[in-house]
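Undergrad: What follows is a structure written as structure tokens; I'll ask about it next.
The values are calculated or read from the model by the stated rules, or taken from the named source; none is laboratory data. These numbers were taken from a predicted model, which means no experiment stands behind them. Using ideal geometry, Cβ is built from the backbone for each residue, glycine included, and neighbour counts are taken over all protein chains shown. Heavy atoms of the whole protein, side chains included, go into the accessibility calculation; ligands, DNA and RNA do not. Shrake-Rupley method; radii C 1.70, N 1.55, O 1.52, S 1.80 Å.
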Amino acid sequence: MSKGIFITATGTDIGKTYITALLVKKLRDDGLNAGYYKPALSGAEHINGEWVPGDCSYVAKTAGLEVPARSLTSYMYRTAVSPHLAAQIEQHPIESGVILADFIRFTKMYDYLTVEGCGGIVCPLRLDDKLLMQTDIIKLLQLDVLIVAPSGLGSINSTVVTVHYAQSQGLTVKGIILNHFDTASYLHRDNKACIERLLKLPVIACVGDHAGNVTLDTAALCGLYKEVF
Ligand SMILES: Nc1ncnc2c1ncn2[C@@H]1O[C@H](COP(=O)(O)OP(=O)(O)OP(=O)(O)O)[C@@H](O)[C@H]1O
Ligand SMILES: [Mg+2]
């Protein structure tokens, strides 16, 4: 039986890919069959005449996944805007059935599947005749979520708002990972304490700038993943 988790954040460019890569690497380094999937990606990179899904290639390279990066996402858009708008511009609408089928295929390949979302928790994937939000996909895949938040000024607000929104959508938040964490900073240490107290949820890891690994017990990390299908 495969297990999965969905990584989202308080916004875009917060460090979902950076931290997901470290989580998948940790599981794989400890001998577990761990994989990565990104349902949709906008803002693909143009490298040597080829369009590349940057997040997928970063995670594949960091975690040692020997598969083509393009195979790790169902929808790749060149336009660097919200997926619903990129899909509209490039006339390639997102179908939830395609994502579900690809996700199920991945669960048959890996024991621990880490799924990276787009942007923050509120992210439209489709806003045409159909309305499809990222939260609909998380529910469809029956995954719990981890929230990546930047440590620093404003972190308490953005983290609490994000967690409450996720919970209002019926999602289970398993914990928070604080990124850009500076253990020497009293502000960062206070962020962690406040967030845990206000949300009654654990900050499962604090990741410093340019960290090469995430300090977290592998068994505890595995315990956050939920059995899927
Ligand atoms: N702990 C860190 N140390 C150093 N650089 C970091 C760290 N976390 C994130 N970054 C850098 O910040 C930038 C944004 O991070 P990342 O791409 O992981 O964000 P994201 O949340 O996945 O963004 P997107 O919403 O586009 O998927 C990247 O250049 C990444 O290398
Ligand atoms: Mg990313």
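Undergrad: Within the stretch 132-156, take every residue that is open to solvent by less than 10 Å² (accessible area, probe 1.4 Å) and in contact with a Lys or Arg (Cβ under 8 Å, 6 or more places away or on another chain) and give me the one that is farthest from ligand 2 (Cβ to nearest atom).
TA: Leu143
Undergrad: Criterion first (free of Cβ contacts under 8 Å to residues at least 60 places away in the same chain and either crowded, with 19+ Cβ neighbours inside 10 Å or more than 17 Å from Lys16 (Cα to Cα) (or both)) does Thr183 satisfy it?
TA: yes
Undergrad: What is the one condition in (1) at pLDDT 95 or above; (2) under 22 Å from Asn213 (Cα atoms) that Glu66 does not satisfy?
TA: Only one criterion in (1) at pLDDT 95 or above; (2) under 22 Å from Asn213 (Cα atoms) is unmet by Glu66, namely (1).
Undergrad: Does Tyr165 fit the bill of being closer than 24 Å to Lys38 by Cβ and open to solvent by 20 Å² or more (accessible area, probe 1.4 Å)?
TA: Here the answer is yes, as Tyr165 does meet what is asked.
Undergrad: Would you mind finding the one in Pro83, Pro68 that is loosely packed, with under 15 Cβ neighbours inside 10 Å, free of Cβ contacts under 8 Å to residues at least 60 places away in the same chain and not β-branched (Val, Ile, Thr)?
TA: Pro68
Undergrad: Could you please find all residues in the stretch 60-79 being within 15 Å of Glu90 (Cα to Cα) and of a type outside the set (A, V, I, L, M)?
TA: Within the stretch 60-79, Ser74, Tyr75, Tyr77, Arg78, Thr79 qualify.
Undergrad: How about the stretch 64-79: which of its residues are of a type in the set (S, T, N, Q) and touching a strand residue (DSSP E or B) at 6+ places or on another chain (Cβ under 8 Å)?
TA: Listed by number, the residues that qualify are Thr73, Ser74.
Undergrad: So which of Ala166, Ala211, Ala220, Ala205 ends up being in contact (Cβ under 8 Å) with a residue 12 or more places away in the chain, in contact with a Leu (Cβ under 6 Å, 6 or more places away or on another chain) and under 26 Å from Leu72 (Cα atoms)?
TA: Of the residues listed, the single one that is in contact (Cβ under 8 Å) with a residue 12 or more places away in the chain, in contact with a Leu (Cβ under 6 Å, 6 or more places away or on another chain) and under 26 Å from Leu72 (Cα atoms) is Ala205.
Undergrad: Considering each residue of the stretch 11-31, count those that are closer than 15 Å to Asp209 by Cα and within 9 Å of ligand 2 (Cβ to nearest atom), and give that number.
TA: Adding up the residues that qualify gives 7.
Undergrad: Here is a follow-up. What's the number of the condition Gln88 fails, among (1) touching a Pro at 6+ places or on another chain (Cβ under 6 Å); (2) more than 19 Å from Gly15 (Cβ to Cβ)?
TA: (1)
Undergrad: In addition: From the list Asp111, Asp129, which residue is open to solvent by 20 Å² or more (accessible area, probe 1.4 Å), of a type in the set (D, E, K, R) and modelled with pLDDT of 95 or more? Full working, then the answer.
TA: Numbers: Asp129 fails: modelled with pLDDT of 95 or more.
Testing whether each residue is open to solvent by 20 Å² or more (accessible area, probe 1.4 Å), of a type in the set (D, E, K, R) and modelled with pLDDT of 95 or more leaves just Asp111.
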